[in-house]
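Here the structure is laid out as C-alpha cells; the discussion comes afterwards.
The values are calculated or read from the model by the stated rules, or taken from the named source; none is laboratory data. Quick caveat: nothing in here was measured; it's all calculated off a predicted structure. Note that each Cβ is placed from the backbone with ideal geometry, even for glycine, and that neighbours are counted across all protein chains shown. In case anyone asks, the SASA skips ligands and DNA or RNA and just uses the protein heavy atoms, side chains included. Shrake-Rupley method; radii C 1.70, N 1.55, O 1.52, S 1.80 Å.
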Amino acid sequence: MLLGAAVRQGRAGGGAARRWRSGAARRREWVQPAGRACGVVAYNSRSRSKEPLVLGKDGVATWYSCGPTVYDHAHLGHACSYVRFDIIRRILTRFFDTEVIMVMGITDIDDKIIKRANEMNISPVALARIYEEDFKQDMASLKVLPPTVYMRVTENIPQIISFIKTIIANGQAYTTSQGNVYFDVKSWGERYGVLTAVSPDTQGEAVDTEKRHVRDFALWKAAKPQELSWSSPWGKGRPGWHIECSTISSAVFGRQLDIHTGGIDLAFPHHENEIAQCEAYHQCEQWGNYFLHSAVDFSDETMNDAKNVLQAISSFIRDANAYIKGQLVCDPVREDVLWERLASTKVNVKAALADDFDTSRAVAAIMDLIHHGNRQLKAVTKDVGSPRSSVVYGSITSYIESFFNALGMPFEERQVAAGGGNTALLSNVMDELVSFRTKVRNYALVLPEATETVQMEEGAVGAKGPKQEQKEKRRQLMQERKPLLEACDSLRGDLAALGIHIKDRSTASTWEMVEGGRAEQRAEEKS
C-alpha cells in the first residue's frame, strides 16, 4: 500500500518525514495492493509465496523489465529469461484480457561497455548502439514481443540526477569529497532485504573507501580521466547501475508498479537496491508489488523432450488434416467423446495458466487431448463409406494451433520453416515429389480384380482353370511392379535420413520435416 499525502515527495527533514522513516524501518511484510485481481495466482519473490495478481488499474498491467547491458551479444541466459517472460505476457494478454504496458531499460553506459569500446577503439555510444540492435534482432528471431517502449540510460541523465537529489534530500544518500554519491543502507534499517533477507547490521564497516558501510552502493560515480561523463551537482560522472532502472520505471509509472521482472541473478543486489531507492524516493511503503524471476533451466534432455512434444503435435495436426481432406480413411469416430475432451481441455488449460502460468500442465492437457484424438485416427485399408467427423477434428486442431499461436509458436510457420534452411520453395518441391511418388506407388499396388482377369484371359485359359490363371497373373504383376515399390521405399528411407518423413495414406501421402536430420520417436503413440 502507498502512504497518503501526509509526507510530501522530496521533502527533507520534518516531523512527518522522520515518523515515516522510523515506521518504515520496521516494516518488511508484503501487503496485497488495492485493485482488482486479474484471475492469476503468481509466485511473488517479494512475498516468497503465490499471491493473487492484483492490478492497480482493472485490465491493465504496468510492467518494468530489466533490459541488457549492451556490451556484447545476447547469450542463452538472455534467451531463457526473455522468452519465459514473453510467454507470461502473452498469457496475460490472450487468456486473461489484460493489456500489458511494458517498459524495458537499456543500459548503454557501464564499466563493461567502456572497457570493450576502448578495446575496439570506438566510442561507448557507438558500441552500445551496435549491440542494442543486435539484441533486438535476436529477440525478434525468438518471436519475443518488443516492449511498449525501450528507454536508454544515456537519454535519461537529467531525470537520474533529479532522482538522486531527492534521495539525498530525504536523508537516504550522502555525497563524498571525490564526487561520488552513495545510498546509505544503514539508514534504511530492516527495510533493506525484502527480497533476500540481507541485513546491513551483520556486515562489517567498509575499509579504504569513502563508503560509510560496506553495503552502501553507488548512485553516482565520479568520472575517471578520458571517460564519458555528464555534469552534475557533485561534479562530472555517470549513474550507478541500480539507479538507472529505478529512475526509468518511476519516470513512466510513478510510484505504482504492478510487475517487475528479471533473471534470478538480479534479485540481489540489483532489484533489492531498486526497491530501496524507489521507496526512499517516493516515500512509500511498497514499490513494485510483484517481482517475478526466472532461472536458466536448459539441457540437451529438456531440448529433446521439447522436440518430441512438438513433433507429436505437428504429426497429429497433419494426420487430422489428412483425415479432414479424406486422405486418411478411418472407422466411424465417437464425436461425443472428442467434443467432451475438447471442452474439458479448454477448462484445464485455463486453470493451469491461472496457477502461476503453469505451461507444463497446460501442454500436458493438450497432449492428453491429442492422445484421445489419435486413438480414433486408425487408418483402415478400405473405404466402406463411413461418414467423416471433419468438424470435431477441425475444432481440435484449430484450438491447438490457436493456443500455440497465442504463445508465439505458430505451427503452420514451423511446418514450412522447420530445420532452419527450409523454405516455401522446398515445401512446394516436396509436395510435387510426394505426389509423384504416391502415383507410382498406387499404380504398383493396384492389381486387377478377379473378374477382370478372367475376362482378359477368356478363350486362352487352356488346361488351367480360371482361378489358377488369376493367381498366376497377379503374381506376375506383383513381380513386375515390385521394383517400383522398392524404389518408393528407398526414396522414403533416403529422405528420412535427411529428416523428411513420408507417411503413406490410403489415397494420398503426406510429409513432414523433423529437425536434427533423423527420425525422432513420437512422444504420443497411437493406441
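Rounded if a/c is under 1.5, else prolate if a/b is larger than b/c, else oblate: which is the stretch 190-337, with a ≥ b ≥ c the root eigenvalues of its Cα gyration tensor? Note, shape of the stretch 190-337 comes out prolate. Extending 7 Å from the Cα toward the beta-carbon at both L447 and Q137 defines two label points whose distance is 6.1 nm. For the listed peptides 31-40, 304-313, a ranking on the average number of other beta carbons within 10 Å per residue, highest first, reads 304-313, 31-40.
If W234, W287, W339 are ordered by their accessible area, calculated over protein heavy atoms with a 1.4 Å probe, which sequence runs from highest to lowest? Don't jump to the answer; show the numbers that get you there.
Working: W234 45, W287 0, W339 100 Å².
Descending order: W339, W234, W287.
Name the shape class, rounded, prolate or oblate, that the alpha-carbon gyration tensor gives for the stretch 59-203, where a ≥ b ≥ c are the square roots of its eigenvalues, rounded holds for a/c under 1.5, and otherwise prolate holds if a/b is larger than b/c and oblate otherwise. Judged from the Cα gyration tensor, the stretch 59-203 comes out oblate (a/c at least 1.5, b/c at or above a/b). Within the accessible surface of the stretch 243-361, defined with a 1.4 Å probe on protein heavy atoms only, the carbon and sulfur portion equals 50 percent. With protein chains left intact and a 1.4 Å probe, residues in the stretch 150-259 average 42 Å² of accessible area per residue.
Annotation for K467 and S231: the two label points, set 7 Å from Cα along the Cα-Cβ direction, are 11.1 nm apart. Subtracting the Cα-Cα distance of E99 and E285 from 0.36 nm times their residue separation leaves 64.4 nm of extension gain. Applying 0.36 nm per residue to the separation of H75 and M303 and subtracting their alpha-carbon distance, the gain on full extension is 80.4 nm.
Sorting E29, E472 by solvent-accessible area of protein heavy atoms yields E29, E472, largest first, with a 1.4 Å probe.
If the segment from R48 to T359 were pulled out straight at 0.36 nm per residue, it would be longer than the present Cα-Cα gap by 109.9 nm. Note on exposure: E335, E272 ranked by accessible area (1.4 Å probe, complete protein assembly) read E335, E272, with the most exposed listed first. Rounded to the nearest 0.05, the FRET efficiency derived from the C-beta distance between E155 and V296 at R0 = 30 Å is 0.50.
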